[in-house]
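Structure record follows, encoded as structure tokens.
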Amino acid sequence: MTVALPAVDKREQPDRGSGSRFGGFAPRSAAGLVVGLALIALFAAVRVLAPSTPAALALPNAARDFATLSISVVVESLPFVFLGIVLSIAVQVWLPEGMLLRRLPRSPLLRRLVLSLLGMLLPVCECGNVPLARGLVAKGLTVAESMTFLFAAPILNPVTIVTTAQAFGWDNGILASRVLGGFFIANLVGWIYGRHPRPGELLTARFQETCTLAEHPSRSAGRIKRSAQMFSQETRAMMPALFVGAGMAGLIQVAVSREVLVALGSNPLWSVLALMLLAFVVAICSNVDAFFILSFGATFMPGGIVAFLVFGPMIDVKMLALMRTTFTAKTLLQLSLLVALCAAVLGLAVNYGR
Amino acid sequence: MVVRRLVGRWQGVVLSLIGLVATIWLGLTGQLALYIHPRYFVFTVVMAVIAGVLALVSFALVPSTHDGHGHGHEPASRWGWLLPAGSVLTIAAAVGALLILPPSTLTTSTVAQRDLNGSASALTLKAPALTSKADYSAFTVRDWASLLRSGAGQDFFADKTATVTGFISADKTDRDVFFVTRFVVACCAVDAQPIGVPVYHPGWQNEYKTDSWVTVTSGFRANPNAASRETIVLVPDSIKPTTQPEQPYVY
């Protein structure tokens with residue numbers, strides 16, 4: 001999908017209005033391109049010339065591991081964030097106006113139900129969903145609906161379902177509890193925030209500004225130019241959040257001993273809370289979290305595992321940093337508490353219900 | 001003011017460039033495996049290249065002075081410098097971590113954080129079939145650790161010889177025992193689980209450093225120290241120091 005875009009655009013460009021485009025390549029564009037290439041060359045040179053053995057810098061082990069873990073989060077999430085940005089650009093700039101949103105049902109309840117299944121079509125990890133959700137809101141999705149999408153998509157996602165099934169099998173209730181529980185919580189959150197009298201207040205001022213701009217797109221600018229603008233705008237929002245989130249995730253991993261959390265795992269009550277805390281701390285992708293938690297499967301109560309698998313994809317350190325680009329801190333606090341409460345109830349129901 | 005505007009406008013693209021240059025370099029030098037599972041290699045590098053093209057197009061086409069929409073003019077306030085300062089700090093940290101710091105595996109510090117051999121699936125998922133015909137010479141740290149955990153008795157291990165490679169981490173309780181350790185990775189280094197095979201070698205602290213890589217060849221014996229948690233251990237004939245292998249993690 002993404003690879004084909006520039007080709008389509010080149011054909012359309014000559015028929016469109018003014019604006020800088022590849023045909024009339026202004027000197028300033030050339031200068032910009034040179035700056036970009038120079039930066040790439042500079043970064044590559046720094047990377048190649050930097051010392052290549054860990055021993056060269058006598059860092060203590062904990063500091064080394066903090067760096068390794070943070071870098072690992074960045075390297076792992078970066079392609080998904082880029083994919084999310086590319087999809088977001090596709091939805092906002094390249095899809096015909098309203099093609100996606102106009103086909104949704106009218107009733108808010110049904111709309112949210114359909115939106116929570118959108119993840120089936122877009123198997124992106126949760127970090128990639130944030131830029132996509134931003135793009136959808138800019139296109140007219142309500143704030144509450146965007147929350148439903150954000151929380152449902154990483155769980156109701158073919159890759160996640162397959163890996164969860166591989167890890168835990170189809171018939172012991174963990175998969176069903178995860179999928180149905182995630183679906184229910186996402187729609188509950190959407191329903192609650194759908195009743196908010198002034199949904200705009202849930203968003204950061206900066207993102208509101210972005211949305212008003214998106215409502216009046218400068219038609220004069222070509223599609224490639226608008227795509228480039230959106231790329232610069234979305235990376236400006238996402239990248240600092242991703243890097244800061246990765247740093248926090250790395251720091252917590254080094255600071256919090258996992259053994260403490262694991263030790264609590266066999267108690268019906270504490271297993272739920274400890275595993276939710278673990279999910280918050282490890283900030284792992286929903287596509288593979290089932291394998292991760294399976295590694296503790298023998299020691300943990302199933303309710304704790306379900307709470308981990310439902311809470312983790314929705315709320316964790318990295319996701320909060322990414323979502324902070326869009327929602328106010330107060331909203332995120334409410335959301336975290338609401339989702340945590342629901343996940344805890346679900347986990348306890350699984351533990352005590354059997 | 002100029003700095004603030006430049007930083008505000010370009011920090012996202014610059015951070016992307018730092019990330020993707022580092023990713024592609026790691027890919028080219030075969031070091032991506034230090035951070036992520038090999039199944040993501042292609043996807044990661046392809047997305048980095050696509051993002052690189054988009055970033056270059058942004059440099060070429062997005063006006064650098066103002067963006068034509070009139071935002072980016074935040075009201076000047078007393079704390080207004082905080083935001084650009086934070087951005088510069090983020091960029092500096094990204095350059096330091098991704099471009100200057102030499103790539104590195106996880107160390108024993110993380111082994112201590114995460115229960116060694118505490119993870120069930122890291123050990124049982126690939127537990128080898130216990131047939132008499134099995135080729136034990138090809139068994140890895142993971143295979144032996146799984147067998148030890150599965151509770152196979154001393155009789156089973158009596159005539160087996162293991163050759164395992166890993167880094168040294170200390171046993172928490174038994175001073176005479178160290179582990180030949182590897183990390184099992186499911187997705188990325190964040191989920192790495194340490195596994196290891198216990199080696200009985202009193203005074204190993206004087207000969208080897210933790211975190212150094214060794215190859216141990218030996219048969220299994222009962223641990224002379226009956227109080228130890230590890231009842232069956234390797235009592236090595238030879239411990240050869242070695243270098244970190246190409247793929248330090250196991251999958």
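The values are calculated or read from the model by the stated rules, or taken from the named source; none is laboratory data. Just so it is clear, the structure is predicted and the values come from calculations on it, not from any experiment. A quick note on method: Cβ atoms are made from the backbone with ideal geometry, for glycine too, and the neighbour counts reach across all protein chains shown. Protein only, heavy atoms only, side chains kept; ligands, DNA and RNA dropped before computing areas. Shrake-Rupley method; radii C 1.70, N 1.55, O 1.52, S 1.80 Å.
Scan B:ALA158, B:ALA162 and give me the residue that is at negative phi, small (Gly, Ala, Ser), in contact (Cβ under 8 Å) with a residue 40 or more places away in the chain and open to solvent by 10 Å² or more (accessible area, probe 1.4 Å).
B:ALA158
Please go through the stretch A:125-170 and pick out each residue that is surrounded by 23 or more Cβ atoms within 10 Å (Cβ to Cβ) and assigned to a loop (DSSP other than H, G, I, E, B).
A:CYS125, A:ALA153, A:PRO154, A:ILE155, A:ASN157
Residue-wise test of (1) out of contact with any Pro (no Cβ under 8 Å at 6 or more places or on another chain); (2) closer than 28 Å to B:PRO103 by Cα; (3) in a helix (DSSP H, G or I); (4) modelled with pLDDT of 85 or more.
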site	(1), (2), (3), (4)
B:ASP155	yes, no, yes, no
B:ALA162	yes, no, no, yes
B:VAL190	yes, yes, yes, no
B:VAL216	no, yes, no, yes
B:GLY219	yes, no, no, yes
B:GLN244	yes, yes, no, yes
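Can you pull out every residue in the stretch A:171-199 that is surrounded by 13 or more Cβ atoms within 10 Å (Cβ to Cβ) and at pLDDT below 90?
Passing the criteria: A:GLY173, A:ILE174, A:HIS196, A:PRO199.
Taking A:VAL244 and the conditions (1) more than 8 Å from every other protein chain (Cβ to nearest Cβ); (2) open to solvent by 60 Å² or more (accessible area, probe 1.4 Å), which numbered condition does it fall short on, given that it satisfies the others?
Evaluating A:VAL244 over (1) more than 8 Å from every other protein chain (Cβ to nearest Cβ); (2) open to solvent by 60 Å² or more (accessible area, probe 1.4 Å) leaves (1) as the failure.
Determine whether B:PHE183 is part of a strand (DSSP E or B), touching an Asp or Glu at 6+ places or on another chain (Cβ under 6 Å), assigned by TED's automatic domain parsing to the domain that holds B:GLU246 and under 20 Å from A:ASN61 (Cβ atoms).
no
Kindly indicate which of A:MET301, A:MET319, A:MET314, A:MET323 is without any contact (Cβ under 8 Å) to a residue 60 or more places away in the chain and either within 15 Å of the chain's Cα centre (by Cα) or open to solvent by 10 Å² or more (accessible area, probe 1.4 Å) (or both).
Among A:MET301, A:MET319, A:MET314, A:MET323, only A:MET301 is without any contact (Cβ under 8 Å) to a residue 60 or more places away in the chain and either within 15 Å of the chain's Cα centre (by Cα) or open to solvent by 10 Å² or more (accessible area, probe 1.4 Å) (or both).
Given (1) more than 8 Å from every other protein chain (Cβ to nearest Cβ); (2) under 19 Å from the mean Cα position of the chain (by Cα), where does A:ALA41 come up short, assuming only one miss?
Answer for A:ALA41: the failing condition is (2).
Return the only residue of A:LEU104, A:LEU113 being more than 21 Å from the chain's Cα centre (by Cα) and either outside any helix (DSSP H, G or I) or more than 11 Å from every other protein chain (Cβ to nearest Cβ) (or both).
A:LEU104
Checking B:ALA192 against (1) in contact with a Lys or Arg (Cβ under 9 Å, 6 or more places away or on another chain); (2) surrounded by fewer than 17 Cβ atoms within 10 Å (Cβ to Cβ), which single condition isn't satisfied?
(2)
Given the stretch A:279-354, what helices (runs of 4 or more DSSP H) lie entirely inside it while holding 3 or more residues that are of a type in the set (Ser, Thr, Tyr)?
Per the criteria, A:329-352.
Please enumerate the residues belonging to the stretch A:41-53 that are part of a helix (DSSP H, G or I) and surrounded by fewer than 19 Cβ atoms within 10 Å (Cβ to Cβ).
A:ALA41, A:LEU42, A:ALA44, A:ALA45, A:VAL46, A:VAL48, A:LEU49
Considering the stretch A:63-119 alone, what residues qualify as being open to solvent by less than 20 Å² (accessible area, probe 1.4 Å) and small (Gly, Ala, Ser)?
A:ALA67, A:SER70, A:SER72, A:SER77, A:GLY84, A:SER88, A:ALA90, A:SER116, A:GLY119
Pull out all pairs, ordered by first then second residue, where Cβ-Cβ is under 8 Å, the residues are six or more apart or on different chains, the first lies in the stretch B:209-226 and is assigned by TED's automatic domain parsing to the domain that holds B:PRO198, and the second is outside any strand (DSSP E or B) and basic (Lys, Arg).
B:GLY219/B:LYS160; B:PHE220/B:LYS160
Across the stretch A:3-18, what is the number of residues that are more than 9 Å from chain B (Cβ to nearest Cβ) and either at pLDDT 90 or above or outside any helix (DSSP H, G or I) (or both)?
The qualifying residues number 4.
Within the stretch B:49-63, which residues are over 14 Å from B:LEU20 (Cβ atoms) and more than 7 Å from chain A (Cβ to nearest Cβ)?
B:PRO63
Out of (1) open to solvent by 10 Å² or more (accessible area, probe 1.4 Å); (2) closer than 30 Å to A:CYS211 by Cα; (3) not β-branched (Val, Ile, Thr), the odd one out for A:ALA228 is which?
Failing condition for A:ALA228: (1).
Counting only residues that are at pLDDT below 90 and closer than 20 Å to A:SER77 by Cβ, which one in the stretch B:1-31 is surrounded by the fewest Cβ atoms within 10 Å (Cβ to Cβ)?
B:GLN31
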